[in-house]
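What follows is a single structure, written as structure tokens, with notes after it.
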Amino acid sequence: MLKPMLGAIVMVLLMGCSSKQDAVLNVYNWSDYIDPAVVTAFEAEYQVKVNYDTFASNEELLAKLEGGAQGYDVIFPSDYMVAIMVEEGMLETLNHDQIPNLSGLDPQFANPPYDPGSKHSVAFTYGTSGIGYNAEEITEEITSWDAFWNPEYAGRILLLDDVREVFGFAFKYLGYSVNDTVPAHLEEAKQLLMKQKEYLLKYESTMNKDLLLTREALISHYWAGDMYQIMDEDSSFAFTIPVEGAVLFTDCMAIPMNAPHKDMAYKFINYILKPEVAGKIVNEVWYAMPIPGALEYVDEEISSDPNIFPPDDILARCEFLTDLGDYNQTLDRAWTELKMK
Ligand code: N2P
């Protein structure tokens, strides 16, 4: 009599333990985009194991999910990619009651054009791309995208491995919108980028830091915060948002429709929005977060930097990417041709 009862008690205890161990959250984010201490603190507070995986572009994220990846609970698509994913029915309609800290989001970011009312996404960070370079070797001040065609930098130039970012800056350089859909303009941009390949080291979005720090690369098309992470390590480097303007982005948090741990996903998103947590993240990744209450936790050096928290005059020459619908295929074809040649 006692034995089976003991057995049952042991079973219950074991199940209790294993369900604790089973508490898991699978996060899929851009690389170098969180303070690891924030993840550790979240794991401790919620008794959960966070599996953290990274991607290098919106298109990689989309392809991964379209390819049938099932396990992700929180993903970080940018603005235009949120629109694409909503259109494809890939994102959970968010229950705002489970994200009380949404109330701390800057109202401008709470109702964005790519996702009115933040129905499927929550703004995480914002910023621009631009040009990072070794200012000890390049003594002239870089102000224009034309630097990428400077033969003096031949073989040491990196461009982001990112279709929208590359055509985006090429369009800006030509005086068009980053969202241009005129085929003749695309051809013009493609020819220009084809010529640029003579000077290119490679299209790259993740190894840029190493390549710059080891001096293999001299100059890179890069996102501001990532470049500031390098500048924090080595003061030889500088960053600029070119005069012609650049891509402006809002990266977001979202829950895939088929996420296995939705409750925990909500807890994670809500946690990231806490002002003191957001402040820690900004200090680590050097990207702005649209949470006014977080500013008191952000180092003055960061919050006062116009490349990180861009003021209106810089914002005015930059542009958000939008979903181009069917034209994406035309752009993708041009991108494939460019990379293959
Ligand atoms: C973070 C990359 C930011 C991506 N490392 C810009 N959308």
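The numbers here are math on the coordinates, done by the rules we state, and not lab data. In this text the structure is predicted, and so the values were computed from the model without any measurement. Counting neighbours? That spans all protein chains shown, and the Cβs are built from the backbone with ideal geometry, glycine included.
In table form, for the structure just shown:
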quantity	calculated
Average Cα contact separation per residue, segment 222-341, under 8 Å, 6 or more apart, as relative contact order %	31
Kirkwood Rh, angstrom, segment 32-73 [1 / mean 1/r, Cα pairs]	12.0
Modelled label reach - Glu66, point 7 Å along Cα→Cβ, segment 314-341 residues with backbone N closer than 15 Å	323-336
FRET efficiency for Val243 and Glu87, using Cβ-Cβ distance with R0 set to 35 Å, rounded to 0.05	0.55
Potential extension, Ala44-Gln229 segment - 0.36 nm per residue separation minus Cα distance	63.9 nm
Largest-first principal axis extents of the Cα set of segment 141-210 (Å)	36, 24, 22
³J(HN,Hα) computed for each position of segment 270-278 - Karplus, 6.51 cos²θ - 1.76 cosθ + 1.60, integer Hz, glycine/proline x	5, 5, 4, 7, 4, x, 6, 6, 4
Inter-site label distance for Glu152 and Asn258 at 7 Å from Cα along Cβ, in nm	5.3
GluC sites (Glu not before Pro) restricted to DSSP loop in segment 167-203 with at most 14 other C-beta within 10 Å	none
Loop GluC sites (Glu not before Pro), segment 42-134 (other Cβ atoms within 10 Å of the site Cβ: 16 or fewer; DSSP)	Glu88
Stokes-Einstein D (µm²/s) once Rh is taken as the Kirkwood radius of the chain over alpha-carbon pairs, at 4 °C in 1.567 mPa s	61
Share of pairwise Cα separations in segment 275-337, more than 16 Å, in percent	58
Long-range amide H partners of Ile308 with built H, under 5 Å	none
Between helix 163-174 and the chain: long-axis angle, C-alpha atoms, 0 to 90°, nearest 10	30
Estimated D of segment 129-259 in µm² per second, where Rh is the Kirkwood radius over Cα pairs and Stokes-Einstein applies at 37 °C, 0.692 mPa s	215
Using θ = phi - 60° and Karplus 6.51 cos²θ - 1.76 cosθ + 1.60, couplings along segment 200-209 (whole Hz; Gly, Pro as x)	7, 7, 5, 7, 7, 10, 10, 8, 3, 4
Fewest-first sequence of Lys64, Lys195 by Cβ atoms within 10 Å of each Cβ	Lys195, Lys64
Length added when fully stretched, Met194-Glu276, from 0.36 nm per residue minus Cα-Cα	24.9 nm
Built amide H within the under 5 Å cut-off of Phe320, gap 5+	Leu248
Dipole moment magnitude, nearest 20 debye, segment 176-247 about Cα centre, only Lys, Arg, Asp, Glu C-beta charged	200
Difference of contour (0.36 nm per residue) and Cα-Cα distance, Glu187 to Ser144	13.4 nm
For segment 214-320, alpha-carbon Rg and Dmax in angstrom	16.1, 46
Sequence of Arg156, Arg164 once ranked by neighbouring C-beta atoms within 10 Å, starting from the fewest	Arg156, Arg164
Table column - 3J(HN,Hα) (Hz), segment 136-142, Karplus curve with 6.51, -1.76, 1.60, x for Gly and Pro	7, 7, 9, 8, 6, 6, 7
Nearest-0.05 FRET efficiency for His96 and Thr322, computed from C-beta distance (R0 30 Å)	0.75
Coil-residue GluC sites (Glu not before Pro) of segment 116-172, DSSP, other Cβ within 10 Å capped at 14	Glu136, Glu137, Glu140, Glu141
